[in-house]
Amino acid sequence: MKPPLRSSGSFRRRLNLTQEQFAQKVGVTYSTVNHWENGKRVPLPFLVKRLVETKEELDSRDTKPPGKKTSR
(Lines give C-alpha, C1' and ligand atoms only; values in the text may rest on other atoms or scores of the structure.)
Protein backbone atom coordinates (compact mmCIF):
# COMPACT_ATOMS: atom_id res chain seq x y z
CA MET A 1 0.00 0.00 0.00
CA LYS A 2 1.28 3.45 -0.88
CA PRO A 3 1.39 6.00 1.93
CA PRO A 4 -1.57 8.41 1.67
CA LEU A 5 0.76 11.30 0.87
CA ARG A 6 1.86 9.71 -2.39
CA SER A 7 -1.62 8.68 -3.52
CA SER A 8 -3.42 10.49 -6.27
CA GLY A 9 -5.58 13.35 -5.11
CA SER A 10 -2.93 14.33 -2.58
CA PHE A 11 -4.05 13.60 0.94
CA ARG A 12 -2.55 16.81 2.28
CA ARG A 13 -4.36 18.92 -0.30
CA ARG A 14 -7.65 17.25 0.60
CA LEU A 15 -7.10 18.66 4.05
CA ASN A 16 -6.39 22.04 2.45
CA LEU A 17 -3.06 22.37 4.28
CA THR A 18 0.38 23.55 3.22
CA GLN A 19 3.30 21.19 3.72
CA GLU A 20 4.34 23.24 6.73
CA GLN A 21 0.87 23.15 8.32
CA PHE A 22 0.55 19.43 7.65
CA ALA A 23 3.99 18.79 9.15
CA GLN A 24 2.97 20.56 12.35
CA LYS A 25 -0.21 18.49 12.63
CA VAL A 26 1.63 15.22 12.07
CA GLY A 27 4.55 16.16 14.29
CA VAL A 28 7.34 16.15 11.72
CA THR A 29 9.36 18.80 9.90
CA TYR A 30 8.39 20.52 6.68
CA SER A 31 11.30 18.87 4.88
CA THR A 32 10.09 15.42 5.99
CA VAL A 33 6.68 16.02 4.40
CA ASN A 34 8.40 17.34 1.29
CA HIS A 35 10.56 14.22 1.08
CA TRP A 36 7.50 11.97 1.54
CA GLU A 37 5.68 13.70 -1.29
CA ASN A 38 8.72 13.54 -3.59
CA GLY A 39 9.39 9.88 -2.85
CA LYS A 40 12.75 10.47 -1.15
CA ARG A 41 11.57 9.01 2.16
CA VAL A 42 8.66 7.02 3.51
CA PRO A 43 6.85 7.69 6.80
CA LEU A 44 7.68 5.58 9.83
CA PRO A 45 5.19 2.75 10.45
CA PHE A 46 3.36 4.49 13.31
CA LEU A 47 2.91 7.58 11.13
CA VAL A 48 1.69 5.50 8.20
CA LYS A 49 -0.93 3.95 10.47
CA ARG A 50 -2.07 7.38 11.68
CA LEU A 51 -2.20 8.74 8.13
CA VAL A 52 -4.14 5.75 6.81
CA GLU A 53 -6.69 6.00 9.63
CA THR A 54 -7.18 9.70 8.94
CA LYS A 55 -7.54 9.06 5.20
CA GLU A 56 -10.11 6.31 5.81
CA GLU A 57 -12.07 8.64 8.07
CA LEU A 58 -12.10 11.32 5.36
CA ASP A 59 -13.11 8.78 2.71
CA SER A 60 -16.02 7.57 4.83
CA ARG A 61 -17.21 11.16 5.30
CA ASP A 62 -17.01 11.74 1.55
CA THR A 63 -19.23 8.75 0.80
CA LYS A 64 -21.97 9.52 3.36
CA PRO A 65 -25.00 11.33 1.97
CA PRO A 66 -25.50 14.83 3.34
CA GLY A 67 -27.66 14.92 6.44
CA LYS A 68 -31.06 16.52 6.46
CA LYS A 69 -31.40 19.77 8.32
CA THR A 70 -33.98 19.81 11.05
CA SER A 71 -36.26 22.74 11.65
CA ARG A 72 -36.85 24.09 15.11
Name, by its number, the condition in (1) among the basic types (Lys, Arg); (2) in contact with a helix residue (DSSP H, G or I) (Cβ under 6 Å, 6 or more places away or on another chain); (3) modelled with pLDDT of 85 or more; (4) not in a loop (DSSP other than H, G, I, E, B) that does not hold for Lys55. (3)
Which members of region 1-34 meet the condition of being on the phi > 0 side of the Ramachandran plot and at pLDDT 55 or above? Ser10, Asn16, Gly27
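The values are calculated or read from the model by the stated rules, or taken from the named source; none is laboratory data. Owing to the predicted nature of the structure, the values given are computational and were not obtained by experimental measurement. All Cβ positions, even for glycine, are placed from backbone atoms using ideal geometry, and neighbour counts span all protein chains on display.
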